[in-house]
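Right, one structure below, let's go through it.
The values are calculated or read from the model by the stated rules, or taken from the named source; none is laboratory data. It should be emphasised that the depicted structure is a prediction, and the values quoted were computed from it without experimental measurement. So basically every Cβ, Gly included, is an ideal-geometry build from the backbone, and we count neighbours across all protein chains shown.
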Amino acid sequence: MTKRRFILSLFSGLLIFSLLCSSAFAVGSLRDTPYTLSIPGGTPIYAGPGTSYGRAGSVDEDGVYTIVEQRSDEAGTLWGRLKSGAGWLRLNISAAADFSAPSSGKALPYTVSLSADTPIYSRPDDGFAPVSYVGEKGIYTITEERCDASGSLWGKLKSGAGWVCLHHAQLPSHETPPYSLALSASAALYNGPGYDSGFRGLLDYDGVYTVYEEVCDWEGFIWGRLDTKGQLWINLSEHRQVKPHSPIDISFADAQLLESGNFVFFDGSKSGYPSKLAFRANEDLHDLYLAELEPGSFEPKELLCHIPSLSQTSAFVAALDFPGDLSSYAVYFTDSTGSHRLFEIYLSGRDVSLISEDMTDHLSSPA
């Protein structure tokens, strides 16, 4: 079997994965209407009870507003119609209007002390019965943080047992805003604390920035404000996640690398307006194959190029087109231990940032 056919056989054994998630319950709490609610200025208003209806504006200023009707959308999120007729807003945003629940301020993962009777829930929401209890007092590892509709902070247990409300935990000490934070130039900026507020761009340079405020959005992400006017926000939840060691780093090629000329180059663009991606090794890698994937699957559409080896002192740059949200590529290689690895590469539909995911677990064994 030729090496080309061997690689294609590895890709052909991959399964096509789709994750369709729906929630059967509302995030907020049903109340008798009409009632009043404290809502912060800037809260998004939609034309109907769901984001699919489109934005109709935003709340002008902090104040008390009247909700005259409630409905749940297909995902189970609870919405309220404003008496003014301006439109609908997510009630789990307004329920956390004071945004009083900060993140722990610690890089994930971290450990907390939990008592034996601490309840464990299937998701970060105590609206339903707990699925179990911790069972034994001790130190446990938190791998993810989320806020619920009321602004309470939750932590996901490393064991996979579920979520615990961190109000029950003895949290490690942490900084409170304002504080300094090291960020890379690839950090995505938004106009407000949430993906709905709109993508603004990327940071101009690597450096140390000041976080003036922390806010929990309706999805449970913690956001940090980087300016005094409230127009530059980053997702701190994503930034604080500690990623495991990766044998390869994949990013947009920076000007310094491109100007140096110290890289192997492959031009796979057919449009003349490519994205130039840089592949850098964190260990000596061998037999790198770059492939374009069929839309929405791991099936290779075309094998693009082969790089015999990539050392820690070299780089590989590829000019590639991403004409649509489903456009993706894959790089297959052998790491320093002799193991076969597979990474999928695509652009985020939210902010066009570059995402590379280790899909080695779904790589089929050679025949």
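Would you point out which residue out of 363, 342, 320 is modelled with pLDDT under 85, of a type outside the set (Ser, Thr, Tyr) and surrounded by 14 or more Cβ atoms within 10 Å (Cβ to Cβ)?
363
Looking only at the range 268-283, count how many residues are surrounded by fewer than 13 Cβ atoms within 10 Å (Cβ to Cβ) and under 12 Å from residue 304 (Cβ atoms).
Final tally of qualifying residues: 1.
Within the range 64-91, how many residues are modelled with pLDDT under 80 and either at positive phi or touching an Asp or Glu at 6+ places or on another chain (Cβ under 8 Å) (or both)?
So the count comes out to 1.
Does residue 204 fit the bill of being more than 25 Å from residue 44 (Cα to Cα), acidic (Asp, Glu) and either not assigned by TED's automatic domain parsing to the domain that holds residue 154 or not in a loop (DSSP other than H, G, I, E, B) (or both)?
yes
Looking at (1) surrounded by 14 or more Cβ atoms within 10 Å (Cβ to Cβ); (2) of a type outside the set (Gly, Ala, Ser); (3) not in a strand (DSSP E or B), find the lone condition where residue 305 falls short.
Among (1) surrounded by 14 or more Cβ atoms within 10 Å (Cβ to Cβ); (2) of a type outside the set (Gly, Ala, Ser); (3) not in a strand (DSSP E or B), residue 305 violates only (3).
So in the range 192-238, with the set limited to residues that are of a type in the set (Asp, Glu) and in contact with a Lys or Arg (Cβ under 9 Å, 6 or more places away or on another chain), which one is nearest to residue 144 (Cα to Cα)?
219
Across the range 36-63, which residue is surrounded by the most Cβ atoms within 10 Å (Cβ to Cβ) among those that are modelled with pLDDT of 75 or more and assigned to a strand (DSSP E or B)?
The qualifying residue surrounded by the most Cβ atoms within 10 Å (Cβ to Cβ) is 46.
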